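Engineer: Provided herewith is a single structure, encoded as structure tokens, for subsequent inquiry.
Bear in mind these aren't lab numbers, they're just calculated from the coordinates by the rules spelled out. Model, not experiment: these values are computed from the prediction. Here the Cβ positions follow ideal geometry from the backbone for every residue, glycine too, while neighbour counts run over all protein chains shown.
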Amino acid sequence: LKDSLIANRDEPARSLDGNRMELLANINNIADVHAANTVGATGVGLFRTEYLFLTHHDVPGEEEQFEYYRQIIVNSPNQAVTIRTLDLGGDKTVAYLGRRSEPNPFMGWRSIRIFLENPKLMITQIRAILRAGRHGKVSMLFPMITTLEELKRINKVVRETRENLRREGVPFADDVKTGVMVEVPAAAICIDAILRETDFISIGSNDLIQYLVASDRDNPKVAHLCEPLSPSIFRVLQMVLDACNRTGTPVTLCGEMAGQPRSALVLFGMGLRRFSMSPAFIPAVKNLLGAVTTAQAERFAHHVLQLSTSDEIRSYLTARLREIS
Ligand code: PEP
Ligand code: MG
């Protein structure tokens, strides 16, 4: 990273008219935590826990997970970390959970679907996260929630796990908030029901986009359809952001588009105030959002929502970017 870009690391992120926002980091491991500190992220908005599980031959034990999460937390900016529960399946599989070949892995047995079927895996990770929560401001995030039933089931497991820890006299944090990743269109469409059962939302736009347009984000033949700057995506995002803001539910967007200038501009205009991205993008997004007023960004977002093709959206936003930078 260029020194000129990280010159802004200690300045708070705010728009030209002084509206504050949080620029958080997506991390996979401890090296990313150091990168998050270097660029001045104010916390970790998404900690993907898969990597620990991918390097083991069996489910890592509770103590090992606890220690791993604790290390990440104490080294993270402001010790603020949103820990995502295991999101395996799709392109990432481990033999110890039963490797199976599926014709459509991304539409198959992945993520929270695997988690809910493996009590040992689920309870071990939830216990480790609740215990590690004593070392910072920790939240727990559930990926790939599709139905309200899944959410109620996982919430019940968290409640029971807390009760067990209390009964055993094991120290844990009582204030760990739980959140839902909105990355399956069904959850976005039923956001009102989801909001009644969750403390916060994190929008996983990478998956939300590929499921919305029925196109594998890793398949080069169709990846062009996974275009964040498109009318359908922005309409769904506006719907979710409005529902969260109406109910006062904290909402973060943690997909790649949070770190891309044109989409970040629209997201800010749509009312998003918490962006989580690869650390490398933070300095540029901070500069960019610091160069617009809220009213300007709202006008851009309003206009974008009237456009009907990606080409129109892209050229409109490219012109706006030139004006402000
Ligand atoms: C997402 O889907 O937007 C997301 C952040 O999760 P991942 O990229 O790990 O699937
Ligand atoms: Mg995802």
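Engineer: Simple spin-label model, 7 Å along Cα-to-Cβ: ASP175 to LEU54 in nm?
Structural biologist: So the two model labels end up 3.4 nm from each other.
Engineer: I would also like to ask the following. Which of ALA7, VAL74, GLY90 sits farthest toward the positive end of the charge dipole of segment 1-101, with +1 on the Cβ of Lys and Arg and -1 on the Cβ of Asp and Glu?
Structural biologist: GLY90
Engineer: Under the rule of at least 5 residues apart or a separate chain, name every residue whose amide H is placed under 5 Å from the amide H of ILE145.
Structural biologist: MET181, GLU183
Engineer: Okay, next question. With +1 on each Lys and Arg Cβ and -1 on each Asp and Glu Cβ, and nothing else charged, work out how big the dipole of the chain is about its Cα centre, in Debye to the nearest 20. Present the calculation step by step, with values, prior to reporting the outcome.
Structural biologist: On the way: 38 positive and 37 negative charges, 71 e Å.
Here the size comes out at about 340 debye.
Engineer: Still on this structure, please answer the following. With each label point set 7 Å from Cα along the Cα-Cβ vector, what nm distance links LYS152 and ASN118?
Structural biologist: So the label points at LYS152 and ASN118 sit 2.6 nm apart.
Engineer: If R0 is 35 Å, what FRET efficiency do you get for VAL222 and HIS34 from their C-beta distance, rounded to 0.05?
Structural biologist: 0.45
Engineer: Sticking with this structure for a sec: Could you work out how far helix 294-304 tilts from the main Cα principal axis of the chain, as a 0 to 90 degree angle to the nearest 10?
Structural biologist: Approximately 90 degrees, to the nearest 10.
Engineer: Among the listed pairs LYS92/LYS152; LYS152/LYS177; LYS92/LYS177; LYS92/LYS137; LYS137/LYS286, give every one whose C-alpha distance is greater than 21 Å.
Structural biologist: As for pairs spanning more than 21 Å Cα to Cα, those are LYS92/LYS152; LYS92/LYS177; LYS92/LYS137; LYS137/LYS286.
Engineer: Ok, one more. On a 0 to 90 degree scale, rounded to 10, what angle separates helix 310-324 from the longest Cα axis of the chain?
Structural biologist: On a 0 to 90 degree scale, this one is about 70.
Engineer: Which value in deg cm²/dmol, rounded to the nearest 500, describes the helix-derived mean residue ellipticity at 222 nm for the chain, given -39,500 (n - 2.57) per DSSP H run of n ≥ 4 and division by the residue count? Don't skip to the answer; put the middle values down first.
Structural biologist: Details: 15 runs with 152 residues, N = 325.
Mean residue ellipticity, 222 nm, calculated: -14000 deg cm²/dmol.
Engineer: May I pose another question? In degrees between 0 and 90, to the nearest 10, how far off the longest principal axis of the chain does helix 62-75 point, with axes built from Cα atoms?
Structural biologist: Here the helix axis deviates by roughly 30 degrees.
Engineer: Okay, next question. Express as a percent, rounded to the nearest 5, the fraction of DSSP beta bridges in the chain (both residues included) that run antiparallel. Don't skip to the end; give the middle numbers.
Structural biologist: Details: 2 of 30 bridges.
Approximately 5 percent, going by the DSSP bridge assignments.
Engineer: Let me ask something else about it. Would you mind calculating the relative contact order of the chain from Cα pairs under 8 angstrom and at least 6 residues apart, reporting the percent as a whole number? Kindly include the intermediate steps, with their values, before the conclusion.
Structural biologist: Working: 591 pairs, mean separation 64.4, N = 325.
It comes to 20 percent, rounded to a whole number.
Engineer: At 0.36 nm per residue, minus the direct Cα-Cα distance, what do MET107 and THR247 gain on full extension? Give it in nm, one decimal, please. Provide the component values of the computation, followed by the final result.
Structural biologist: Working: separation 140, 0.36 × 140 = 50.40 nm, distance 3.08 nm.
Once the chain is fully extended between MET107 and THR247, it gains 47.3 nm.
Engineer: Figure the gain on full extension for SER308 and GLU11 (residue separation times 0.36 nm, minus the Cα-Cα span) and round it to one decimal in nm.
Structural biologist: 103.2 nm
Engineer: Calculate the spin-label point distance for ARG159 paired with GLU323, positioning each point 7 Å from the Cα along the beta-carbon direction, and give it in nanometres.
Structural biologist: Label-label distance for GLU323 and ARG159, simple model: 5.1 nm.
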